[in-house]
1. Please work out the FRET efficiency for the pair Gln206 and Met1, using the Cβ-Cβ distance as r and a Förster radius of 45 Å; give the result to the nearest 0.05.
2. Check Thr186: other-chain or 5+ apart residues with amide H under 5 Å from its amide H, H built from backbone geometry?
3. Once R0 is set to 25 Å, what does the formula 1/(1 + (r/R0)^6) return for the Cβ-Cβ distance between Thr46 and Asp276, expressed as a FRET efficiency to the nearest 0.05?
4. Just to verify a number: what accessible area does Lys338 come out at with the full protein assembly present, 1.4 Å probe, Å² rounded to tens?
5. Put a dot 7 Å past each Cα toward the Cβ at Thr369 and Val195; how far apart are the dots in nm?
6. Determine by what factor the alpha-carbon radius of gyration of segment 1-85 differs from 2.2 N^0.38 Å, reporting the quotient.
7. So how much accessible area does Cys71 have, in Å² to the nearest 10, using a 1.4 Å probe?
8. Accessible area, 1.4 Å probe, largest first: how do Val194, Val370 sort?
Amino acid sequence: MDAMSFFDALEQQYKNNLPFVVYSRPINSIIKSWLQEDDTVHKSETFTESGFLFAPFDLKQNSILFPKERCLYSEITTDSLDVEDFESTAIIQSETERIQHIDLVSKGIQSIKNNDLQKVVLSRCQTKSLQDTNPLTIFKRLFNTYSNAMVYCWYHPKVGLWIGATPELLLKVEGKRLTTISLAGTQPYQSQSVVTWTNKEFEEQQIVTDFITEQLKPYTSNINVSEVDTVRAGNLLHLKTRIISVLKDDADLKAIIEALHPTPAVCGFSKAKAKDFILNYENYNREYYTGFLGELNLKQSKTRNTNRRNVENNAYAVVKTQSNFYVNLRCMQLKDAKANIYVGGGITKASNPENEWEETVNKTATINTVLN
């Protein structure tokens, strides 16, 4: 299938008000799509089904499934997509929103100083009016711009229209092997300068790493933690650690998801207290922002022997079940010719409310590069 007919099918699906997702995983030139045959809302509560999952920040709300057996699946391979040039217009920051966010961050810092929390991630929603509201055009621009992110456009007429480019893996399961990453700390990318990180940022990242390894212990063995690396995501840099472990035989995917999600990178620490603080004080519903999305329980077949002449051995393929979920960061929801852009930052006792506001402004710029 060529790119034109691949996107024509998506345009038709959108015009018919039918659910679809189109996405590409990080550092990957394969673009995949799932087109659901009708507009039924399928929910997953057990995470035992097979398909594409879109889950909210608060798992008490609905996790939406596009079931494999109800979808037409397609894929294409390409390094870039044809899309018209355009001028991105600046986002007008409102003084009221600035004051509100600074006040929210100050409350968070106070709560940490009172020893209620160690860290809390506080966010806001920034709205921008759009001239070009075609979600597939925005997806193409994101794909061309952010190769090291999970880039997606997800639509269900009864749920909403979401688009994003997230660098953060929640978890990947391949057979018994579980991979997850710890990502925290943010600074603007500057090509000439040497990258330096403060103790505050290393500390923030260590909280996330410790939390993940602790949460995985009941379900996995042989936990292996990598060195801390600096990674680039668009015009931002982050600190990243990779954590690989082996699932125990009785490990249940739902239990692992509930243990990890939401991570301190999107919620805070301790988890329950940080989540309560967010639900009480953020003053808006995150919905699927800082939730997660991705492929659920797909069977992947890998042949054991790559020597083509060895036909007999090639008959023995290893069939592994794979799942991979990405945290829904750097995302927006399209509604009524407007983009609702979601941005946030990790607050610790060393945070400065004014700097935290500036960080959210920098983060809106990441997604704004593809909007006009």
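The values are calculated or read from the model by the stated rules, or taken from the named source; none is laboratory data. What you see is a predicted model, and the numbers here were worked out from it, not measured in a lab. Please note: Cβ atoms are built from the backbone with ideal geometry, for glycine as well, and neighbour counts cover all protein chains shown. Just so you know, the surface numbers come from the protein's heavy atoms only, side chains and all, with ligands and any DNA or RNA stripped out. Shrake-Rupley method; radii C 1.70, N 1.55, O 1.52, S 1.80 Å.
1. 0.50
2. It is none; the list stays empty.
3. 0.45
4. 90 Å²
5. For Val195 paired with Thr369, the spin-label model returns 1.5 nm.
6. Against the compact-globule rule of thumb, the ratio is 1.20.
7. 30 Å²
8. So the residues, ranked largest to smallest area, are Val194, Val370.
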